[in-house]
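Undergrad: Sending over a structure as structure tokens; questions will come in a sec.
The values are calculated or read from the model by the stated rules, or taken from the named source; none is laboratory data. Being a predicted model, the structure only gives us computed values, none of them experimental. Neighbour counts are summed over all protein chains in view; Cβ atoms, including those assigned to glycine, are modelled from backbone coordinates with ideal geometry. These accessible areas exclude ligands, DNA and RNA; they are computed on the full protein's heavy atoms, side chains included. Shrake-Rupley method; radii C 1.70, N 1.55, O 1.52, S 1.80 Å.
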Amino acid sequence: MKIEELQAVVPTSNMGSYEQAYNNFQWEDVERHFTWYETGKVNMAHEAIDRHVEEGRGEKAALLYCDANRHETYTFSQLRASSNRFGNVLRKYGIGKGERVFIFMPRSPELVISMLGVLKVGAVVGPLFEAFMETAVKDRLEDSGAVALVTTPALLSRVKREELPELRHIFVVGDMDEREQGIIDFETEMLTSSEELEPEWLSREDGLIIHYTSGSTGKPKGVYHVQNAMIQHYYTGKMVLDLREDDVYWCTADPGWVTGTSYGIFAPWLNGATNVIRGGRFSPEDWYRTIERHEVTIWYSAPTAFRMLMSAGEQVVSNYDLSSLRHVLSVGEPLNPEVVRWGWQVYTQRIHDTWWMTETGGQLICNYPELPIKPGSMGKPLPGIQAAILDDRGQVLPPNRMGHLAIRTPWPSMMNRIWNNPNKFQEYFRFPGWYVSGDSAYMDEDGYFWFQGRIDDVINSSGERIGPFEVESKLLEHPAVAEAGVIGKPDTVRGEIIKAFVALRDGYTASEALQQDIYRFVKEGLSAHAAPREIEFKEKLPKTRSGKIMRRVLKAWELNLPTGDLSTIED
Ligand code: WTA
């Protein structure tokens, strides 16, 4: 963003430089851009969609949806009308403010419309990635106390309804042979409901969305965000994504993950941009064709995808016209300097790394257009954000020292709670005044931050966060498995892959067939992205005296590193 445009977002500051922008920044100057700044009536779906209709942009293309079978355009007016319809459907079934409504379906216009409809009635939306299987779906619906679900006929069989007493209604998008009790046909209901609806007016502290994400211990946690997050979404949409009136923006992430909502839905529409959503699987040809066909100007993706595009080669790129691109960004895992260089050579685009997390709700440390890129660095804290590296006691470290990457609290999109788990929530704020990310990093003398790794055992495979505990729990349900320990193994394309160490029960012998069976068991019970691509059988796994598997020792085995302090090991 140019200084002049930044001034439009932050009108009171008189900026000559980044430093000045940083020093003069006030969140309140961003807040003035929302209708609720005057009216006090807050609703994300209203700000993202209806507002543009009210301000004369109703006929502008809001959504360009494409997959192998569908190419559809929806204007802001159309999204307003259809999300109102679904809002009315929800109200008809008595669903409203604060209740959790989950959406479990592949990317599609209906996914987006349902999500907006949920937000219109003030309910809290919970997106579930389509690859989740029975256990993963059940854990999330149960923990959140979801009252309703929107899904497809194909995914419905993964929903254990008899074990989810709080789940009252299931809306099914698509044809089903038989109608069962409690199953509601989405299309039929939409046809008979009104296009007009008064949104539920909320306060800034009312709920918006729950994303389940993994830590190193326990089941996935429900990261709960409130309406106030829209301030960050709007601001970073301008400041980092550089969204302008005529842009066609494409974020490749699925709304099952936070990038697919904060930056696949909220940020682009709060800024009134035309937003591309592509369904279906990754394929270099389809992806480049999407950029060419829609003349995408801003493209937000992830290192694994860029590495896969890189390995598909330059030849493929030359078959497409990608000249519409003017800004490219990345998130989710470390962005290798080679990828940044390749992007420059082949797309003539600088790939801008951005750092943030599910818990932070929005971007915090970034390479934004104004900033010269240091390939390999995540960039600098945005104006309004203060970041630091802390030691183990919470003291700020000087430049070039590695430690805990931490952010000064609060900022607008900071999570509001961990659903049902105040203790987990508190752990992030153990050093007063700071949010502790769980990442390790250092800051150089120019104020750029450099990612070093996770401090805990969380695995990052293809930018998807996987908790070893969830995978280990599933492995232990397999009849052959006595003990299981799961780690991330470095991988040149995916960043990390999931590797499991398994000790077998008596009577089972290690074999390739058993390996495959265990892999399938996790894939079908939990999800494909959480299934261990590598399984190694061991007589016994290293455990502490209290019986906890020592993943750090497994990792040292894998990487041929010293195992370190073993004083707590069992024997
Ligand atoms: C990692 C995704 C290196 C990091 C938005 C973080 C990154 C976790 C970067 C959050 C980056 C995210 N460079 N690592 N630019 N961005 N990460 O919650 O470990 O799915 O803690 O949020 O991904 O993953 P999450």
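Undergrad: With respect to S440, is the statement that it is touching a strand residue (DSSP E or B) at 6+ places or on another chain (Cβ under 8 Å), of a type in the set (S, T, N, Q) and closer than 23 Å to R393 by Cβ true?
TA: So S440 fits the description; yes.
Undergrad: Could you say which residue among S283, S262, S324, S318 is within 17 Å of the chain's Cα centre (by Cα) and either open to solvent by less than 10 Å² (accessible area, probe 1.4 Å) or within 23 Å of A68 (Cα to Cα) (or both)?
TA: When all the criteria are applied, what remains is S262.
Undergrad: Could you tell me how many of the residues in segment 265-278 are outside any loop (DSSP other than H, G, I, E, B) and under 24 Å from Y288 (Cβ atoms)?
TA: Residues meeting the conditions: 8.
Undergrad: Of the residues in segment 441-457, how many are within 11 Å of the ligand (Cβ to nearest atom) and open to solvent by 10 Å² or more (accessible area, probe 1.4 Å)?
TA: Counting residues in segment 441-457 that are within 11 Å of the ligand (Cβ to nearest atom) and open to solvent by 10 Å² or more (accessible area, probe 1.4 Å) gives 7.
Undergrad: Output the residues belonging to segment 244-264 that are in contact with a Leu (Cβ under 8 Å, 6 or more places away or on another chain) and either in a helix (DSSP H, G or I) or of a type in the set (G, A, S) (or both).
TA: Within segment 244-264, G256, Y263 meet the criteria.
Undergrad: Something else about it: Which of (1) within 16 Å of the ligand (Cβ to nearest atom); (2) at negative phi does G495 not meet, given it meets every other one?
TA: Single failed check for G495: (2).
Undergrad: Might you check whether a residue that is in a loop (DSSP other than H, G, I, E, B) and in contact with a Gly (Cβ under 6 Å, 6 or more places away or on another chain) occurs anywhere in segment 527-541?
TA: Within segment 527-541, one or more residues are in a loop (DSSP other than H, G, I, E, B) and in contact with a Gly (Cβ under 6 Å, 6 or more places away or on another chain).
Undergrad: Filter segment 300-341 down to the residues that are in a helix (DSSP H, G or I) and closer than 19 Å to W250 by Cβ and list them by number.
TA: P303, T304, A305, F306, R307, M308, L309, M310, A312, V316, V317, V339
Undergrad: Could you give me the residue pairs with C-beta distances under 8 Å whose first residue belongs to segment 82-99 and is within 14 Å of L149 (Cα to Cα), whose second residue is open to solvent by 50 Å² or more (accessible area, probe 1.4 Å) wherever it lies, and which are 6+ apart or on separate chains?
TA: Y93/R168; G96/E200
Undergrad: Is segment 157-179 home to any residue that is more than 26 Å from S262 (Cα to Cα), without any contact (Cβ under 8 Å) to a residue 40 or more places away in the chain and open to solvent by less than 20 Å² (accessible area, probe 1.4 Å)?
TA: yes
Undergrad: A follow-up question, please. Identify all residues within segment 459-508 that are part of a loop (DSSP other than H, G, I, E, B) and either open to solvent by 50 Å² or more (accessible area, probe 1.4 Å) or in contact with a strand residue (DSSP E or B) (Cβ under 6 Å, 6 or more places away or on another chain) (or both); write none if there are none.
TA: E477, P479, A480, T492, R494, R505, D506, G507, Y508
Undergrad: Taking the condition of being open to solvent by less than 10 Å² (accessible area, probe 1.4 Å) and more than 8 Å from the ligand (Cβ to nearest atom), how many residues in segment 345-359 meet it?
TA: Of the residues in segment 345-359, 1 are open to solvent by less than 10 Å² (accessible area, probe 1.4 Å) and more than 8 Å from the ligand (Cβ to nearest atom).
Undergrad: Output the residues belonging to segment 515-530 that are touching a strand residue (DSSP E or B) at 6+ places or on another chain (Cβ under 8 Å) and without any contact (Cβ under 8 Å) to a residue 40 or more places away in the chain.
TA: Hits for segment 515-530 are Q515, Y519.
Undergrad: Now for a separate question. Which condition from (1) touching a Lys or Arg at 6+ places or on another chain (Cβ under 8 Å); (2) away from the ligand (no atom under 16 Å from the Cβ) is the one that L325 breaks?
TA: Just one mismatch for L325, condition (1).
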